1. Out of the residues in the range 141-169 meeting the condition of being within 9 Å of the ligand (Cβ to nearest atom) and among the acidic types (Asp, Glu), tell me which one is nearest to ASN85 (Cα to Cα).
2. Suppose the filter is out of contact with any Cys (no Cβ under 9 Å at 6 or more places or on another chain), assigned by TED's automatic domain parsing to the domain that holds GLU244 and either more than 17 Å from GLU247 (Cα to Cα) or away from the ligand (no atom under 16 Å from the Cβ) (or both); does VAL56 pass it?
3. Return yes when ARG360 is at pLDDT 95 or above, touching a Cys at 6+ places or on another chain (Cβ under 9 Å), farther than 25 Å from PRO226 by Cβ and not β-branched (Val, Ile, Thr) and no when it is not.
4. Does the range 288-296 contain any residue that is in contact with a Gly (Cβ under 6 Å, 6 or more places away or on another chain) and more than 22 Å from ALA105 (Cα to Cα)?
5. Anything in the range 340-364 that is closer than 18 Å to ALA282 by Cβ and surrounded by 16 or more Cβ atoms within 10 Å (Cβ to Cβ)? List them, or say none.
6. Just checking, how many residues over the range 305-322 are among the acidic types (Asp, Glu) and either touching a Pro at 6+ places or on another chain (Cβ under 9 Å) or not assigned by TED's automatic domain parsing to the domain that holds ARG405 (or both)?
7. Quick one: ALA316 ticks every box in (1) modelled with pLDDT under 95; (2) on the phi < 0 side of the Ramachandran plot except a single one, so which number is it?
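The values are calculated or read from the model by the stated rules, or taken from the named source; none is laboratory data. All values derive from a computational prediction rather than experimental measurement. Positions of Cβ are generated from backbone atoms using ideal geometry, with glycine treated the same way; all protein chains shown enter the neighbour counts.
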Amino acid sequence: MRVPAFEALLSDAGREVLEGVDPGSAVRDQLGTASLLRSDPRVAALDPDLPVSELVNALLTQVSLRERGRAKFGDAAGRMFFTPNGLEQSTRRVVAEYRAGRTAAVAGAVPAGGSAGDLCCGIGADLLALAGRGVPVEGVDSDPLTVAVARANIGALGLSDLARVREGEAGASAVGRYPLLFCDPARRGGRGRVFDPAAYSPPWDVATGLAGAAEAACLKAAPGIPHEALPEDASAEWISVDGELKETALWFGALAEGAGARRRATVLHEREGLLAREGAAAHLDADPGAGPAPVAPARRYLYDPDPAVVRSHLVAEAAARVDGALLDERIAYFTADTAAVSPLWRVLEVVEMLPFSLKRLRSAVRALDAGTVTIKKRGSAVDTEKLRRDLRASGPESVTVVLTRIGDRPFCLLCREVGTPSPG
Ligand SMILES: C[S@@+](CC[C@H](N)C(=O)[O-])C[C@H]1O[C@@H](n2cnc3c(N)ncnc32)[C@H](O)[C@@H]1O
């Protein structure tokens with residue numbers, strides 16, 4: 001999509017045509033919809049200098065991206081604008097809003113008449129969340145089409161009084177320009193996703209330099225960023241949504257946690273669970289006084305920590321909350337005598353524990369009359385799909401089979417779900 005074709009959609013006539021396309025039929029019958037649009041005289045009139053096919057493509061792209069965008073932005077996606085890469089790289093709304101809430105607490109760092117900076121603002125998901133909290137913000141992005149899309153989103157969501165975007169480079173020249181700063185470097189190169197922080201754009205040392213020089217800053221990084229790459233002057237927060245790890249947010253200056261709580265796991269729920277209300281979060285902080293988690297034989301309840309807890313290396317802190325002990329010092333399952341339901345983990349009641357053998361597991365599943373088998377594993381190389389077929393389970397009950405190892409010995413635990421209390 002080129003900028004002129006995108007901008008043609010933003011006129012009143014462009015919006016009218018866009019709004020008139022039924023997303024259901026456009027997805028079901030793209031060719032038919034394209035042919036209807038091609039013969040619509042309003043489309044050619046959007047920009048007489050552009051080929052009609054380009055305008056039709058731009059319209060169809062927006063319609064399909066809005067539909068895809070619902071997964072990240074809910075109903076607001078129906079009013080927003082996207083590029084394929086911009087949507088892919090954007091922060092989902094629940095995370096952007098959570099971070100914006102934390103950031104807005106230090107909005108006082110922005111002097112009157114000034115604005116916070118969102119360097120590498122993309123299509124604007126973070127910028128919009130920040131402005132939605134009343135923080136004046138200027139976005140910067142090096143890609144002209146992305147800038148046009150972010151501007152359109154600011155207008156579409158009625159935030160023009162608080163947010164603006166300019167085309168530019170987020171480089172060392174921006175050091176000191178914004179007292180309050182957010183930066184989400186691009187983690188995609190020409191050949192797909194980039195894992196080495198030095199290959200982010202801007203590179204990691206530039207991004208951390210920008211963030212470290214601000215009075216307060218947040219830098220977004222991949223969830224799998226190596227702990228060794230984390231800057232010493234920042235506190236790190238691993239954020240998951242509905243059990244899926246999404247990112248590591250690094251907080252600098254006035255936004256950093258004090259000494260000690262330099263690592264935090266934050267669990268958000270969008271669709272399900274205890275925290276589905278907007279912005280609600282469960283946290284677990286590092287305890288510098290905590291030693292390693294004890295290791296002990298299995299107790300009645302098995303705890304499966306959320307990936308944010310595991311990736312932030314806070315399993316010992318999680319186990320300490322329930323007086324739990326690991327089954328193996330290298331594996332993130334722990335067990336305890338009591339069941340404490342929390343968004344930070346799933347808790348299961350252990351019905352039986354066996355050294356792993358297909359034959360024994362099959363008869364144990366049969367003895368429980370279980371036909372619905374959920375298989376989870378840590379520290380096990382077993383192919384779970386093959387195991388499910390091999391179990392040939394059929395019965396009215398449900399069971400969760402947890403595969404793990406203790407030392408070098410593989411084990412399986414047959415477990416039942418522990419009920420989830422209602423929120424509040
Ligand atoms: C991960 S995306 C940002 C997503 C955004 N936070 C959101 O949620 O919508 C990164 C963006 O950085 C931009 N970018 C990459 N290198 C840049 C640079 N050196 N200066 C400014 N922008 C850059 C890319 O064009 C891309 O839009």
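1. Only one residue fits best here, namely ASP143.
2. For VAL56, the condition - out of contact with any Cys (no Cβ under 9 Å at 6 or more places or on another chain), assigned by TED's automatic domain parsing to the domain that holds GLU244 and either more than 17 Å from GLU247 (Cα to Cα) or away from the ligand (no atom under 16 Å from the Cβ) (or both) - is not met.
3. So ARG360 passes the test.
4. Yes, some residue in the range 288-296 is in contact with a Gly (Cβ under 6 Å, 6 or more places away or on another chain) and more than 22 Å from ALA105 (Cα to Cα).
5. SER342, PRO343, LEU344, TRP345, ARG346, VAL347
6. Of the residues in the range 305-322, 1 are among the acidic types (Asp, Glu) and either touching a Pro at 6+ places or on another chain (Cβ under 9 Å) or not assigned by TED's automatic domain parsing to the domain that holds ARG405 (or both).
7. (1)
Matching residues to (1) touching a residue at least 40 places away in the same chain (Cβ under 8 Å); (2) closer than 23 Å to ALA256 by Cα; (3) within 16 Å of the ligand (Cβ to nearest atom); (4) crowded, with 24+ Cβ neighbours inside 10 Å:
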| position | (1), (2), (3), (4) |
| --- | --- |
| ALA104 | no, yes, no, no |
| ALA109 | yes, yes, no, no |
| CYS120 | yes, yes, yes, yes |
| ILE123 | yes, no, yes, yes |
| ALA129 | no, yes, yes, yes |
| GLY139 | no, yes, yes, yes |
